[in-house]
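Undergrad: One structure, pasted below without further comment.
FYI, it's all coordinate maths here, none of it is from the lab. Owing to the predicted nature of the structure, the values given are computational and were not obtained by experimental measurement. Cβ placement follows ideal geometry from the backbone for every residue including glycine, while neighbour counts extend to all protein chains displayed.
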Amino acid sequence: MNFRINKNNLALNLSTISFLLLFPGFFSYHFAIGKGFMPPFIGGYFGVVAAAIFVPLIAFNYRIFLTSHLPIIVFTLILIVNFIVTIVHFSLQLPVYYTAELFVWSVTGLLFNVVAFLVAARLRLDLVSALGFFIIVAMFFVVALNIGDDGIFYLKQEAGANSDSVATYQGFARSIVVVLLVSVGVYFEKGFKFYLIVILGAVALFFNGARAEFALIILTLAFLYLMYSMVSIKIALSFLGFVFLAVFIVMNIVQLLPDSRMLQLFDIASSSSAQARSKLLSFGWQQISDNPVFGSYGSYTVLGGIGYGPHNIISSWLNLGLIGFSLYFLLFYTLWKDALLSFLKHRENVYYRVFLVYLVFVTGAILVSKDYSYMLIGLLVGFYYQYKKI
C-alpha cells in the first residue's frame with residue numbers, strides 16, 4: 001500500500017481551512033459572543049488562531065519567500081525592516097510611552113501579514129468561491145436581522161458583560177470585505193450570483209457602519225467596470241446599470257436611516273472622524289519633517305496611545321523611516337505596473353481578477369484609512385503570487 005502524503009494538497013487545504021477560520025470564523029465567533037450564545041473562550045480569536053496556524057503554514061510554504069518575483073522580494077524586505085525596527089526600538093525602550101503596547105502591535109501586524117500572505121498564496125479559489133456565495137448571504141442576514149437602535153449592526157454596544165470581548169464594527173467589516181473581494185473577482189460578470197453578492201455584501205457593510213470599507217468597495221467595483229469596459233461594450237453598459245442601481249439603493253437606504261453615521265459619507269470633510277485623522281496626519285508630517293530619514297517611531301503615542309498615528313501609508317515613513325516608505329512605494333509600483341501591463345493578456349484569468357480587485361481596494365485603503373500594518377496587504381501579495389504561479 002502507498003502511504004505517501006501529497007504535500008501540495010496538504011498545503012492547499014491548510015491555507016483554505018485557515019482562510020475560513022480567520023475570516024468567516026472570526027465573524028461567527030464574535031457574533032456568537034455578542035448574542036450570548038457562548039463565552040469568549042478563545043479571547044479575541046484572531047490573534048490566537050493566527051499564532052496557531054503560523055508554524056504549519058511556514059513549514060509547508062516557506063519556499064514561497066524564495067521566489068524571483070520582485071513584489072514578493074520587496075514584501076519580504078518590508079517584513080525584515082519592520083521586524084528590525086521594532087526590535088531595536090523595543091530594546092531601547094522607545095518610545096517612552098506605550099513601549100510594550102507598540103511592540104505588541106508591531107509584532108502582531110507582522111504575524112497577521114505573514115499568515116495572510118501564506119493563506120492567499122495557496123488558497124483554493126474553487127472551494128472558497130463556492131462557499132463564498134453562501135457565506136456572504138449568511139453574513140448579510142446576520143447583519144440585517146441584528147441592526148441596533150443607532151441604525152447599524154454594532155453588537156459590542158449590546159453585549160452587556162461580554163462587550164469588551166466583542167469585536168468592533170471594523171473587525172466584522174474585515175471579514176465581510178475579505179470574502180466579498182474574493183467573490184467579486186471570481187464571479188465578476190457571471191450573472192445573477194455576481195449582482196446578488198455585490199448587493200448583499202455592500203448593504204451588509206453599510207448597515208455594519210464601516211464607512212471606509214463601504215466606499216472602497218463601491219470605488220473598487222467602479223474601477224473594475226471601467227477597466228473591463230475598455231474591451232467590452234456589454235460590460236460598459238453593465239457599468240452604467242451598476243451606477244444607476246447603486247445610486248438608487250443608497251438613496252433609498254439613506255431615507256430609511258436618517259440618523260445613521262453612514263450619512264457622513266456625503267459630507268466626509270465635516271465628519272468628526274475625518275477631522276481627527278487630518279490632525280493626526282498633520283502631526284505625523286511634522287514629525288517626519290523633523291526626522292525625514294529615520295522617522296520618529298511611535299512619537300504619536302504622546303497624543304494618547306498607539307492608535308494616534310496617521311491612518312494611511314505615511315505611517316510607514318513615520319515608524320520605519322524613509323527606507324520603509326520607499327519599500328512600500330516600490331511594492332505598489334511594481335504591483336500596479338504588472339497589473340496594467342498584464343490586463344489584456346490575463347483579464348479572463350480568475351486569479352488575475354482576484355489579484356486586481358484586491359490591488360484596487362488595498363491601494364485605496366492605505367491611501368485614505370489604513371496604516372502600513374494592514375493585513376490585507378499580505379493577502380494582496382499572496383494573491384499576486386498565486387496569479388503569477390498559474
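Undergrad: For a quick check: with amide H placed at 1.01 Å from N, whose amide H comes under 5 Å from Tyr154's, ignoring anything fewer than 5 positions away on the same chain?
TA: Gly148
Undergrad: Set the Förster distance to 30 Å, then compute FRET efficiency between Val231 and Phe192 from the Cβ-Cβ distance, nearest 0.05.
TA: Details: r = 23 Å, r/R0 = 0.76.
Calculated transfer efficiency: 0.85.
Undergrad: Next question, about the same structure. Using the basic label-point model (7 angstrom from Cα toward the beta carbon), what is the Ser282 to Thr168 distance in nanometres?
TA: 2.2
Undergrad: Moving on to the next point. What size of dipole, in debye to the nearest 20, comes out for segment 7-389 about its Cα centre when the only charges are +1 on Lys and Arg C-beta atoms and -1 on Asp and Glu C-beta atoms? Walk me through the intermediate numbers first.
TA: On the way: 21 positive and 14 negative charges, 223 e Å.
Computed charge dipole of segment 7-389: roughly 1080 debye.
Undergrad: Take peptides 145-155, 368-378 and line them up by average Cβ neighbours within 10 Å, highest first, as a rough protection proxy.
TA: 368-378, 145-155
Undergrad: So how far apart, in nm, are the two label points at Met38 and Ser326 if each is 7 Å from Cα heading toward Cβ?
TA: Modelled inter-label distance: 4.9 nm.
Undergrad: Could you give the size of the charge dipole of segment 33-180 about its Cα centre, using +1 on the Cβ of each K and R and -1 on the Cβ of each D and E, expressed in debye and rounded to the nearest 20?
TA: Roughly 480 debye for segment 33-180.
Undergrad: Could you pull out every whole DSSP H run in the chain that spans at least 18 Å of Cα extent along its own axis and averages 0.0 or higher on the Kyte-Doolittle scale?
TA: Details: long enough: 7-22 (22 Å, 0.95); 46-61 (21 Å, 2.22); 70-91 (31 Å, 2.41); 99-121 (33 Å, 1.80); 125-144 (28 Å, 2.55); 169-187 (26 Å, 1.52); 192-208 (24 Å, 2.03); 211-229 (27 Å, 1.52); 233-256 (35 Å, 2.27); 272-290 (28 Å, -0.48); 314-341 (32 Å, 1.22); 350-368 (28 Å, 2.05); 376-389 (19 Å, 0.49).
Counting only whole DSSP H runs, the qualifying helices are 7-22, 46-61, 70-91, 99-121, 125-144, 169-187, 192-208, 211-229, 233-256, 314-341, 350-368, 376-389.
Undergrad: Still on this structure: From the helices alone, meaning DSSP H stretches of at least four residues, give me the mean residue ellipticity at 222 nm for the chain, per-run term -39500 (n - 2.57), in deg cm²/dmol to the nearest 500.
TA: About -23500 deg cm²/dmol.
Undergrad: Here is a further query. Name the residue from Gln275, Thr220, Gly309 whose Cα lies farthest towards the positive end of the charge dipole of segment 7-389, charges +1 on Cβ of Lys and Arg and -1 on Cβ of Asp and Glu.
TA: In segment 7-389, that residue is Thr220.
Undergrad: Can you sort Arg124, Arg174 by how many other beta carbons sit within 10 Å, fewest first?
TA: Least to most surrounded, the residues fall as Arg124, Arg174.
Undergrad: Given Gln93, Val203, Phe54, which one lies farthest toward the positive end of the charge dipole of the chain, if we put +1 on the Cβ of every Lys and Arg and -1 on the Cβ of every Asp and Glu?
TA: Phe54
Undergrad: Let me ask something additional. Mind scanning Lys234/Lys370; Lys234/Lys389; Lys193/Lys234; Lys190/Lys370; Lys234/Lys345 and naming the pairs with a C-alpha gap bigger than 28 Å?
TA: Lys234/Lys370; Lys234/Lys389; Lys190/Lys370
Undergrad: What is the calculated FRET efficiency for Ala144 to Ile73, with r their C-beta to C-beta distance and R₀ = 41 Å, to the nearest 0.05?
TA: 0.40
Undergrad: Which aspartates and glutamates have a Cα lying under 19 Å from the Cα of Lys279, excluding residues fewer than 8 positions away in the same chain?
TA: Filter leaves Asp267, Asp290, Asp371.
Undergrad: Pairs of alpha-carbon atoms within less than 8 angstrom and 6+ residues apart define the contacts here; what relative contact order does the chain have, in percent? Show your work: numbers first, answer last.
TA: Numbers: 484 pairs, mean separation 93.6, N = 390.
Computed over the chain, the figure is 24 percent.
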